[in-house]
Amino acid sequence: MSDAAPAWLLRLLKVPPAPHIAEGAAVRVFRSAPSYRRLQLLRWGLRQASVVVGLIFTWVAVKHRFVPHIPYAYADTVFFAVELFAWLAFAVQVPITFLVAWLDYEYRWYILSDRSLRIREGLVSLQEKTMTFANIQQVSIRQNPLQRLFGISDVKVETAGGGGNSGSHDADASTREGLHEAHFRGVDNPEEIRDVIMTRVRMHRDAGLGEPQHAEPALPPPSTAPSAETLGAAKELLAEVRGLRSTWAARGPPEP
C-alpha cells in the first residue's frame, strides 16, 4: 500500500492488494510513466475548476435573475441553503477525489507472461483483463495532443472478434472498453511494449505452424499364417473328398 494515503481511505475504497506476479524470465511488468500521474492531476484540476465556475455562475445568475421573480417568501433562503449545501459537498469531495487521482497511477499493472498479457487497473472500480497472445490480432500506439505534451502514449491491443472503434479517446475510456481490447495507458515506452507483444505473438503463431501432425495409426501387416477357421474349413473339405473317393472305389468301375 502507498504511504501517501491514510489507511482509513484505503479501507473505505476497498483497495485490492497488489497482484501476484509469477517468477520467471519470461514475465515482464510495465507501469505507467510518472507523467501519467501529472496528467491525471491536471484533468482533476480542470474538473474541479469547472465545478467552481458552475457554482459561481449559479449564484450570480440564478440568484439575481430568477429567485427575485419566484412568488415564494422564502425563495431566497431556500436558494441560499441549496447553494451552501453544494459548496459544502464540493469541499468534502475535493481531498477524496484528489487522493483517488493521485493513487490511480500506483494501482495500474501491465504484466506480460510467456502466454498472455494481464492488465489490472482502477482504484474505486477494479478492472482486470487477460488476453492470450494466440488471439491478439493488432497492436497500435495512440497519442493525443495532451499526452504528447507530457511525453506519454497509450498502447491498444485488440483480439479476434473486436471491431474497430473510431471514437474519441480519453483516460476514462476504460469503463467503455469492449471485451476484445485492452490499453496500456500513460506509458513512456510504447514502442518497447508493442515490440515485446508482437514478438511473443509471432512466437506463438510459429509454434502453432510447426507442431507435428498426428499420423493415422498404421494398419497391421497381413499375416502369412492361415487362421484357425481356414484350417478347419480345409480339413472338412479334405474329409468330404476322401469320403467321395471311398464311395466311388466301393462301387467299382462303371459298366460299359
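In region 117-164, of all residues being charged (D, E, K, R) and open to solvent by 70 Å² or more (accessible area, probe 1.4 Å), the one that is modelled with the lowest pLDDT corresponds to 128. Can you tell which of 232, 167, 208 is more than 28 Å from residue 105 (Cα to Cα), open to solvent by less than 50 Å² (accessible area, probe 1.4 Å), at pLDDT below 95 and touching a helix residue (DSSP H, G or I) at 6+ places or on another chain (Cβ under 9 Å)? The unique qualifying residue is 208. Those residues that are of a type in the set (Ser, Thr, Tyr), at pLDDT 90 or above and loosely packed, with under 12 Cβ neighbours inside 10 Å, I need them from region 36-95; list them, please. 50, the sole residue that qualifies. Pairs are defined by a Cβ separation below 8 Å, a sequence spacing of at least 6 or placement on different chains, a first member in region 17-39 that is within 20 Å of residue 133 (Cα to Cα), and a second member that is among the hydroxyl-bearing types (Ser, Thr, Tyr) and not in a loop (DSSP other than H, G, I, E, B); the pairs so defined are 29/110; 30/110; 31/110.
For region 170-205, a residue qualifies if it is at pLDDT below 85, among the basic types (Lys, Arg) and either open to solvent by less than 100 Å² (accessible area, probe 1.4 Å) or over 30 Å from residue 101 (Cα atoms) (or both), and exactly one does: 205.
The values are calculated or read from the model by the stated rules, or taken from the named source; none is laboratory data. Since this is a predicted model, take the numbers as computed values, not measurements. Using ideal geometry, Cβ is built from the backbone for each residue, glycine included, and neighbour counts are taken over all protein chains shown. Just the protein is used for accessible areas: all its heavy atoms, side chains included, with ligands, DNA and RNA removed. Shrake-Rupley method; radii C 1.70, N 1.55, O 1.52, S 1.80 Å.
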